[in-house]
1. Dipole of the chain, Cα-centred, from +1 at each Lys and Arg C-beta and -1 at each Asp and Glu C-beta, to the nearest 20 debye?
2. What does the charge count near V314 come to, summing +1 for each Lys or Arg and -1 for each Asp or Glu among other residues with Cβ under 12 Å from its Cβ?
3. Going down the list K145/K286; K105/K286; K4/K105; K105/K367, which pairs span over 24 Å between their C-alpha atoms?
4. Out of all Cα-Cα pairs in region 121-199, roughly what percent, to the nearest whole number, are more than 20 Å apart?
5. For region 205-447, report the translational diffusion coefficient in µm²/s to the nearest whole number, using Stokes-Einstein at 25 °C, 0.890 mPa s, and a Kirkwood Rh over Cα pairs.
6. Can you pull out the trypsin sites (Lys or Arg not before Pro) in region 25-129 whose DSSP state is coil and whose Cβ has at most 15 other Cβ atoms within 10 Å?
7. Fewest first, what order do R159, R170 take by the number of other Cβ atoms within 10 Å?
8. Would you give the gap between the C-alpha center of region 324-377 and the C-alpha center of region 150-196, rounded to a whole Å?
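Computed from the coordinates by the stated procedures, all read-outs in this text should not be read as laboratory data. Please read all numbers here as calculations on a predicted model, not as lab measurements. In this analysis, Cβ positions are derived from the backbone assuming ideal geometry, glycine residues included, and neighbour counts consider all displayed protein chains.
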Amino acid sequence: MHAKGGPPLGHVLSRTAARAEVHLLALSALPPAVAGSARRLCASVVTPAVAHRSDLVSLIVARAEAVGADAVLTFSEYAVVAVAEACEALGLAGAGGASALARDKRLMRRTWQRHGLPQPEFRPVGTEADLHAAARSLPGPLLLKAAWSAGSTAHQIIRSPHEVSAAWARSCDVMAESARLGYAELHVAEADADYVVEQIVTGTASDWFDEPGWGDYVSVEGVVANGTFHPVCLSGRMPTVEPFTERASITPALLARDAQDRIVDLARRAVDALGLRDCGTHTEIKLGADGSMWLIETAARFGGAMTVPQIEEVFGLDLVGMLVDHLLGHPVAWPEQVLTPAQARGAAGSLVVLAVDGRGRAWPVRKVWDFRAVSGDITLSRGSRLSVVEESSLADGSVVPVYDPAAGANTMAALCLLSAADARTVLRDFETLVDALPRVLPAAQPEEVSV
């Protein structure tokens, strides 16, 4: 089932179609860059009318029964719960009845709290009055999050009590706009009214990485098969853009083996606590001083953007195809232990193009996205290869959006993929790209900006 978010549709469809006959239920418009190939790869493509989407689980079940589906899957965060519940109704393998625990940040944090796992102090909030009360009881600064959001959407930093009302209003506005753009929970009614506020903990990348430039959090990519968690690898990050918008993911993360093992152990405990059954997983962990760690979140699906293609390129694992095989009941040889940088064949990373420089400051002049200028005018390391993910990017000639901290990744202009000899080179090349983009991209004309 296709909806917005997740890995590029073209990638997951090609890998799925190589293993089975595919019937695509499209709740979001197919990206123009892959619409033609999607219809060639799939036995059927159905786009239901809006009126038929009110009971999403019944819609999925009916379509699955009509085509005699042996498995149902989605790679979109916004459809995880609906697909899991449909699989339960159909008697098929899926994330299971606990899928909402990996989607609703309030339930997730409560579950981890019961298991004594390290995470920031938090409070669920449903009204502005709740937020005021939480701000009085929690040590600041605080981060307000929409409980069902993704991509750092509607995140608001609250540094003092007088900022509470404005933060609440802004987050509500952003969630409403995200829903209009299709970046919202598809199954749970009024999910945009649910929030969580949490203490902002202090990360320390320098205690974990040998060189500067890395962000203070990592993600553990993995899968749950028959209730057993199989960690695959770790991805590192560049520092986020305020408030906490992700700029880049790099596979593998350059961590010492003992550090990686401790991180994986926490990820395992986090996933096990949620009780997932059969699904991809993506667990983000904040890294602190003296070996301290805090859980950020776990998703019952593979990481979004280019995480899955990066793993395939670096470690030779087609995670999409492997998951399809597992859901169909075929034997799959999951990695016996988490893969390390020593086992990597080079490195790969994805860069989200945002209109901010390396320090997070807005570009002084509006620019037009033009990948030809980027690839032709920016010198990267010898052997590095840069490409643009067309289905996740604006067309060349489009005006780059002004970065909106509250909207997070909703204001991205493009997604780029870079392959290099090692992760250190990917990081350095990304720093070069971020610094050079406002210089090499053409300036937008006044009439373009006003449109």
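1. Numbers: 39 positive and 52 negative charges, 19 e Å.
Rounded to the nearest 20 debye, it is 100 debye.
2. Spelling it out: positives minus negatives among the neighbours equals -3.
3. Numbers: K145/K286 16 Å; K105/K286 16 Å; K4/K105 19 Å; K105/K367 36 Å.
Among K145/K286; K105/K286; K4/K105; K105/K367, the Cα-Cα distance tops 24 Å for K105/K367.
4. Values: 759 of 3081 pairs.
Across region 121-199, Cα pairs with separations above 20 Å total 25 percent.
5. This corresponds to a translational diffusion coefficient of 132 µm²/s.
6. Qualifying residues, ordered by number: none.
7. The fewest-first ordering by Cβ neighbours comes to R159, R170.
8. Region 324-377 and region 150-196 have Cα centres spaced 26 Å from each other.
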